[in-house]
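Visitor: First the structure, then my questions, so here it is.
The values are calculated or read from the model by the stated rules, or taken from the named source; none is laboratory data. What you see is a predicted model, and the numbers here were worked out from it, not measured in a lab. Here the Cβ positions follow ideal geometry from the backbone for every residue, glycine too, while neighbour counts run over all protein chains shown. All accessible areas refer to the heavy atoms of the entire protein, side chains included, with ligands and DNA or RNA removed. Shrake-Rupley method; radii C 1.70, N 1.55, O 1.52, S 1.80 Å.
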Amino acid sequence: MSDLYELGFTLELKPDLSQEVIDTLLYMTRSGGVSAQAPRLEHPFFHIQGFSTEWTNLISNPREDDEEILGGACGSILTNNRLTFRGLIHEHPFWNTWEQFKDWLSSISSTTGLIGYYRNINYDDQVTLISFQSEGVCEIDCDELSELEELQNQIIGNLENSVFESPVIRETQSLGELAKAKGYLVMRVPGLGIIELLRPSQDDPTQMVSVARSSSEEEIRQAIEQEL
């Protein structure tokens, strides 16, 4: 059986991220609540030979039951300006994706300095701290466990205190009524200001697929009226 690694990080997101990056983060954390086709960026993290789909589950919710052994909150939280994660990842997917994953995280982060840590849970005294610097990602051996505890408490606190609802379908006012009349549903993603237009899949009517997404109600209304 492969070893397990605890990975934890919290970082501020750049304010000018593209919609494609936001869609990818929504999918990775399952914050979008829609099992539509996964977006895929050009960064090498999303095209690792032999592990090209690993990114889809690396920090997704819900997490595995065995993470209860860690104590404290686990999972991922995506808000309008912060991404936080803590959880267990098996040895092979961790080491085969970590170099590319940390590089991609650095590219979307506005945070500099200490952002996280990882450790093999079988060796409590071997902890690596993760720091984002202007010259790249730095990994530092943790000599003082108090550093780990402080960072760990911050990450757990963010997970426990973040007000984040799972996205739900909200048919409100005339926009929702218009969508319903056309056979669509409207979903709002809390904290991100995004409205998504959904319809039943032609292959499986019990599943909803996304057909339009925007931060503008007017654009969603136009999409509905055009009967996409």
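Visitor: Exactly one condition in (1) open to solvent by less than 10 Å² (accessible area, probe 1.4 Å); (2) touching a helix residue (DSSP H, G or I) at 6+ places or on another chain (Cβ under 6 Å) is false for G72; which is it?
Guide: (1)
Visitor: Quick one: is L11 open to solvent by less than 50 Å² (accessible area, probe 1.4 Å), at pLDDT 85 or above, of a type outside the set (D, E) and not in a loop (DSSP other than H, G, I, E, B)?
Guide: On the way: open to solvent by less than 50 Å² (accessible area, probe 1.4 Å): yes; at pLDDT 85 or above: yes; of a type outside the set (D, E): yes; not in a loop (DSSP other than H, G, I, E, B): yes.
Taking the combined requirement at face value, the residue satisfies it.
Visitor: Starting from the range 102-115, keep only residues that are more than 19 Å from F45 (Cα to Cα) and open to solvent by 50 Å² or more (accessible area, probe 1.4 Å), then list their pairs with residues that are hydroxyl-bearing (S, T, Y) and in a strand (DSSP E or B) whose Cβ atoms are within a distance under 7 Å, requiring at least 6 positions of separation or different chains.
Guide: Correct list of pairs: L114/S131.
Visitor: Could we say that I22 is crowded, with 20+ Cβ neighbours inside 10 Å, modelled with pLDDT of 85 or more and either under 24 Å from V211 (Cβ atoms) or out of contact with any helix residue (DSSP H, G or I) (no Cβ under 6 Å at 6 or more places or on another chain) (or both) here?
Guide: yes
Visitor: Mind checking which residues of the range 134-156 are polar (S, T, N, Q) and exposed (fewer than 12 other Cβ atoms within 10 Å of the Cβ)?
Guide: S134, S146, N153
Visitor: State all residues of the range 129-150 that are at pLDDT 95 or above and touching a Gly at 6+ places or on another chain (Cβ under 9 Å); if no residue qualifies, say none.
Guide: The answer is L129, I130, S131, F132.
Visitor: Consider L185 against the criteria (1) buried (at least 18 other Cβ atoms within 10 Å of the Cβ); (2) of a type in the set (A, V, I, L, M, F, W, C); (3) at pLDDT 75 or above: it satisfies all of them except one. Which criterion is unmet?
Guide: (1)
Visitor: Return the residues of the range 1-18 that are out of contact with any Gly (no Cβ under 9 Å at 6 or more places or on another chain) and under 15 Å from F132 (Cα atoms); say none if nothing qualifies.
Guide: Passing the criteria: E12, L13, K14.
Visitor: Now for a separate question. Name the residues in the range 79-98 that are surrounded by 15 or more Cβ atoms within 10 Å (Cβ to Cβ) and either in a helix (DSSP H, G or I) or among the small types (G, A, S) (or both), would you?
Guide: Correct list: G87, P93, F94, N96, T97, W98.
Visitor: If you don't mind, there's one more thing I want to ask. Of (1) open to solvent by less than 50 Å² (accessible area, probe 1.4 Å); (2) under 30 Å from L70 (Cα atoms); (3) at pLDDT 80 or above; (4) small (G, A, S), A212 satisfies all except one. Which?
Guide: Status for A212: all satisfied but (2).
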